[in-house]
Amino acid sequence: MDVPVEIEDLEIRLLLETMLLRYGYDFRQYTSASLKRRLLQCLTACDITHISDAIPKIIHDRSFLDQLIYAMSVTVTECFRDPPFYRLLRQKVMPVLATYPFINIWHAGCATGEEVYSMAILLQEEGLYHRARIFATDINNKSLHQAKEGIYTVKNMEEYANNYRATGGPGTLADYYHAKYDLARMSASLKENMVFAAHNLATDGVFSETHLILCRNVLIYFNNDLKNRALKLFDDSLVPGGFLCLGTKESLQFTDVADHFVPLSQELRIYQKRVPR
Amino acid sequence: MNGSRRRAVVMGTSAGGLQALRTILPVLPQDYPLPILVVQHLAACAPGWDPAWFAGQCALSIQAEMDKAPIRPGRIYFAPPDYHLLVEPNETVSLSIDPKVNHSRPSIDVLFETAADVYREGLIGVLLTGASQDGTQGLLKILHRGGTTLVQDPTTAEAPLMPRFAIAVGAATQVLSLEAIAQTLKEWGAVTHE
């Protein structure tokens, strides 16, 4: 606690450089305040007093690196987070997607997958899932594994049931999972057209030609340079007329791609890529 | 302390906070030279909690788009419901959906601790009415980095637990009524101006 800010910041810089040089993980353009909080929390839990003491451990212990990456990048998520957003997807975006013979969806920063299953449910209910593919990516391998498993707690699912209802769903959320004791396993039919893959928005390239991209509450963790990099990837990846969905506090305003999109809903942060005339 | 070094105000409140903020914020003048960052717990967001109300009643302007907004003097930054509000070293705000801290998102500690690292001795931390233990660690960090802390007198607070908890661990530089906190902030702002 007695370390001056300048020294702490120096230690963090060295640690991030180590992660980059040793393993190619680049966290240097993440917003530093939350990164620092997460890092200090993880190191305290590992009984490491000074940030710089973690550096030799990172170099020589791959499992420690994985632990650190998990701590630095895991995000909180839920099924049908922000129900009004999903309601608008259902009402305004699904009818447009229905006009494509094949639908590619990229869920960037899918974390533990709750929203990927939400999307699959939406597509199934609109009769579109059989011709859709959801590419769900994250930097965090442990989260991706959990997403692929699709096993959540019944307690959480019961809370998400309210979200689902608020989106105007015709059934109940319980139709889509099998509960056993206190765990809920998502239906196998939802997983059929999901592809999970590791992808790093800081270093990797365009994913595929997509019609809808969801990247919600990821860009708040990036500084402006990295945010612009990620948005350029999305812009390059989307077909003209394709949709980009951000978190409810994230905006295209003042970004490099602001002119390339028109808002379908500024409030719910759904943007449509302009069609060239 | 040399008043001209004061650079920012952070404010945290929970139950009863709406009324407390309504007492303090409208007192500050349009040319107030410090930015004000506010965490109001969601649980306390009774009907009537609406930043737009402050826009009508305060001389200061309310920041609308929050993500990575530059922190400017004379402007109020409210943490959006369900997001932590943090201060970045380049004096912008950032948001996060990290897990709750002290059962709260936004958390007062998260704002206070990150602001303390950036503004250090130039930071004024204000903890108001509330029935939580959030904010105390943040005030201690502010003191540790050389800043000043004002805590609402628990006998004047709608919910005395939060200020009482902070005072008990020595996290308060001064213990004041809401009106006195408003006057102190106003005077310190005037000194900063000179």
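Things worth noting here:
- Selection from the stretch A:195-221 of residues that are open to solvent by less than 10 Å² (accessible area, probe 1.4 Å) and assigned to a strand (DSSP E or B): A:Thr210, A:Leu212, A:Ile213, A:Leu214, A:Cys215
- Criterion violated by A:Ile139 - all others in (1) under 19 Å from A:Trp106 (Cβ atoms); (2) at pLDDT 95 or above; (3) of a type outside the set (Lys, Arg) satisfied: (2)
- Residue in the stretch A:253-271 that is charged (D, E, K, R), surrounded by fewer than 22 Cβ atoms within 10 Å (Cβ to Cβ) and in contact with a Gly (Cβ under 7 Å, 6 or more places away or on another chain) present: yes
- Only one entry of A:Tyr176, A:Tyr164 meets the criterion of being touching a strand residue (DSSP E or B) at 6+ places or on another chain (Cβ under 9 Å), at pLDDT 95 or above and over 29 Å from A:Gly24 (Cβ atoms), and that entry is A:Tyr176.
- Any hit, the stretch A:86-109, residues being surrounded by 20 or more Cβ atoms within 10 Å (Cβ to Cβ), within 13 Å of chain B (Cβ to nearest Cβ), over 21 Å from A:Tyr129 (Cβ atoms) and touching a strand residue (DSSP E or B) at 6+ places or on another chain (Cβ under 7 Å): yes
- The single condition among (1) open to solvent by 60 Å² or more (accessible area, probe 1.4 Å); (2) assigned to a helix (DSSP H, G or I); (3) modelled with pLDDT under 95 that A:Pro56 does not satisfy is (3).
- Of the strands (runs of 3 or more DSSP E) entirely within the stretch A:62-172, those holding at least 1 residues that are of a type in the set (Phe, Trp, Tyr) and under 17 Å from A:Ser187 (Cβ atoms) occupy A:151-153.
- Qualifying residue in the stretch A:17-32 (condition: surrounded by fewer than 16 Cβ atoms within 10 Å (Cβ to Cβ) and of a type in the set (Asp, Glu)): yes
- Verdict on A:Tyr129 being hydroxyl-bearing (Ser, Thr, Tyr) and within 14 Å of another protein chain (Cβ to nearest Cβ): no
- In the stretch B:94-113, residue farthest from B:Phe54 (Cα to Cα) [restricted to those that are of a type in the set (D, E, K, R) and not in a loop (DSSP other than H, G, I, E, B)]: B:Glu113
- Some residue of the stretch A:61-70 being basic (Lys, Arg), more than 17 Å from the chain's Cα centre (by Cα) and under 21 Å from A:Leu16 (Cα atoms): yes
- In the stretch B:120-144, the residue that is farthest from the other protein chains (Cβ to nearest Cβ) out of those that are out of contact with any strand residue (DSSP E or B) (no Cβ under 7 Å at 6 or more places or on another chain) and open to solvent by less than 30 Å² (accessible area, probe 1.4 Å) is B:Thr136.
- Considered as a group, the residues in the stretch B:66-93 that are open to solvent by 10 Å² or more (accessible area, probe 1.4 Å) and not in a loop (DSSP other than H, G, I, E, B) include one that is nearest to the other protein chains (Cβ to nearest Cβ), and that residue is B:Thr92.
The values are calculated or read from the model by the stated rules, or taken from the named source; none is laboratory data. Since the model is a prediction, treat every value here as computed from it, not as a measurement. When we count neighbours, we look across all protein chains shown, and the Cβ atoms used for this are built from the backbone with ideal geometry, even at glycine. Just the protein is used for accessible areas: all its heavy atoms, side chains included, with ligands, DNA and RNA removed. Shrake-Rupley method; radii C 1.70, N 1.55, O 1.52, S 1.80 Å.
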